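Single-structure report; data block below.
The values are calculated or read from the model by the stated rules, or taken from the named source; none is laboratory data. Please read all numbers here as calculations on a predicted model, not as lab measurements. Note that each Cβ is placed from the backbone with ideal geometry, even for glycine, and that neighbours are counted across all protein chains shown. Remember, those area values only see protein heavy atoms, side chains included, never the ligands or the DNA or RNA. Shrake-Rupley method; radii C 1.70, N 1.55, O 1.52, S 1.80 Å.
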Amino acid sequence: MARPGSWPECGTVAADGGGTSAVWGECKGSGSKPYLAAVHLDGGEGPAYKCSCPSRKIPCKHVLALLALWSGGGVEERDEKPEWVNSWLSGRAARKQRAAAAAATPVDPEKAAATLRAREETVAAGIEELRVWLNDQVDSGLAEVPRLEYGHWDRMAKRLVDAKAAGAAGLVTMLPQRGGGEHWPERVLERLGLLHLLVDGYLSREGLDERTRAVLRSRVGISTRTEEVLSSGERVKDTWRVLGHREGLTPDGMRLLRTWLRGAESDRWALTLTFSRPGESPEPPFRGGIEVEGELAFHPDGLRAVRTDAMTERPVSCPKGGDVEAALDSYALALAADPWLEAWPVVLEAAAPAREERWYLADRNGAALPMDTATLWSHLAVTGGRPATVAAEWSPRTGLTPMTLWDEDGKATVL
């Protein structure tokens, strides 16, 4: 794709101080419409990428081809650029200005507390209605589920959205509607149980510790603004290893990127979340395969974090790993603090792929966890099946999804 013939329209955008600010192009695809790709080179926090293709790779092959063509002198500067390029670059500039303005504006603690109390009261009304609805589902019995229309679930989700409890609404939409599939009664009952636990916890929040209240607020859909986190959140300075990225979808169709980090000294986990509209790739705050030295500010739940300022980057060193038992113990502790977790990061040492009816990742003791095969062939290509240190995301529903691995020489490969 890094041929001039594949890019009938392309160009560069000049930077104010000279050089190139951005590269853009329209690549011929298999369909009637070209793929729109662009790279912002001087964003201040490393390159940013955009492409209209459906690939979940960041950057995708179209962006890489465009950069290869540009680096070889195959893309010329153009005074005019398409509207989609203008819109993307101006949007990035506007977001950066808003973030800078928000960071410069001190947060009024009393006003923030009053706003939070008002939001909690609004949400509590919706959660109380959810409690009544859950009791109705149990009274009706699971046998009625296959006969219910989608509107039955959607109506409850919409009422929760109206009550500003979008997180709880998302859990309702994740219920296995209309039954179907293997073991659907167990899955429906499990989801109803998690919703019931959320309702009981939130309505009893005043008697709980602050971190548990923060987890409950986050799960029902009450978020903490970034400027509040930067102003009053717990700050931890460390060398943070970027262990990998995982992309998914939110219940409302937004694209979500999870970036998992771990402190080299504190041994603390940190999670950053990045969102984008459908059809766009979320921009990761940290590149894979690196470690960053600096400070993170943590949300009240103690897990989600944001970067506070510029950080020093270098290639990521091999983290300390454990066996399968230690990984499950780590997950159990995390689940005790947040029972609604969908996934959790683990680092396995000397782990190798194994197959018995399905694929597993086994440790040196022979214990194994089922493996998601999305990155299997890349894993095997890098290791040849030999043991390696593997950073993966664990979910009981999908299994282990390896994100980054380190070979016997300590070299990192992002999968």
Among (i) 33, 27, 21; (ii) 37, 24, 18; (iii) 37, 28, 24, which is the computed semi-axes √(5λ) of the Cα gyration tensor in Å?
(iii)
Space enclosed by the convex hull of the alpha-carbon atoms of the range 229-271, per residue, Å³
92 Å³
Would you work out what percent of the accessible area of the chain, with all protein chains in place, is carbon or sulfur (probe 1.4 Å)?
51 percent
Along the dipole axis of the range 276-414 (charges at Cβ: +1 for Lys and Arg, -1 for Asp and Glu; origin at the Cα centre), the most positive-end residue among ALA374, ALA351, LEU335 is ALA374
What's log10 of I(q)/I(0) for the range 322-389 at q = 0.11, 0.23, 0.24, 0.25 Å⁻¹, Debye sum over Cα points only, no solvent?
-0.28, -1.02, -1.07, -1.12
Per-residue counts of other Cβ atoms within 10 Å, averaged by peptide: what ranking do you get for 202-208, 370-376, highest first?
370-376, 202-208
Rounded, prolate or oblate: pick one for the range 146-202, where a ≥ b ≥ c are the square roots of the eigenvalues of its C-alpha gyration tensor, a/c under 1.5 means rounded, and failing that, prolate if a/b is larger than b/c, else oblate.
oblate
Of the options ALA125, VAL324, THR12, report the single residue whose Cα projects farthest towards the positive end of the charge dipole of the chain (beta-carbon charges: Lys, Arg +1; Asp, Glu -1).
THR12
12 Å beta-carbon shell around ARG98, net charge (K/R +1, D/E -1):
+3
Just the accessible area for LEU348, please: 1.4 Å probe, Å², rounded to the nearest 10?
0 Å²
Which percent of Cα-Cα pairs in the range 287-401 sits in each 10 Å bin, short to long?
12, 38, 34, 15, 1
On the principal axes of its Cα set, how long, how wide and how thick is the range 1-152? Give whole Å, largest value first.
69, 49, 22
Tell me the net charge near CYS318. Cut-off is 14 Å between Cβ atoms, CYS318 excluded, with +1 for each Lys or Arg and -1 for each Asp or Glu.
0
Using the crude model of +1 on Lys and Arg Cβ and -1 on Asp and Glu Cβ, and no other charge, please compute the dipole size for the chain relative to its Cα centre, in debye to 20.
820 debye
Probe radius 1.4 Å, ligands and nucleic acids left out: which of LYS164, LYS111, LYS50 has the largest accessible area, and how do the rest follow?
LYS111, LYS164, LYS50
Going by average Cβ neighbours within 10 Å, how do the peptides 229-242, 29-42 rank, with the highest at the top?
229-242, 29-42
Here the net charge surrounding ALA214, from other residues whose Cβ is less than 15 Å away from its Cβ (Lys, Arg +1; Asp, Glu -1), is +1
For each pair in LYS28/LYS50; LYS57/LYS320; LYS50/LYS411; LYS96/LYS237, compute the distance between the two Cα atoms and list the pairs where it is over 18 Å.
LYS57/LYS320; LYS50/LYS411; LYS96/LYS237
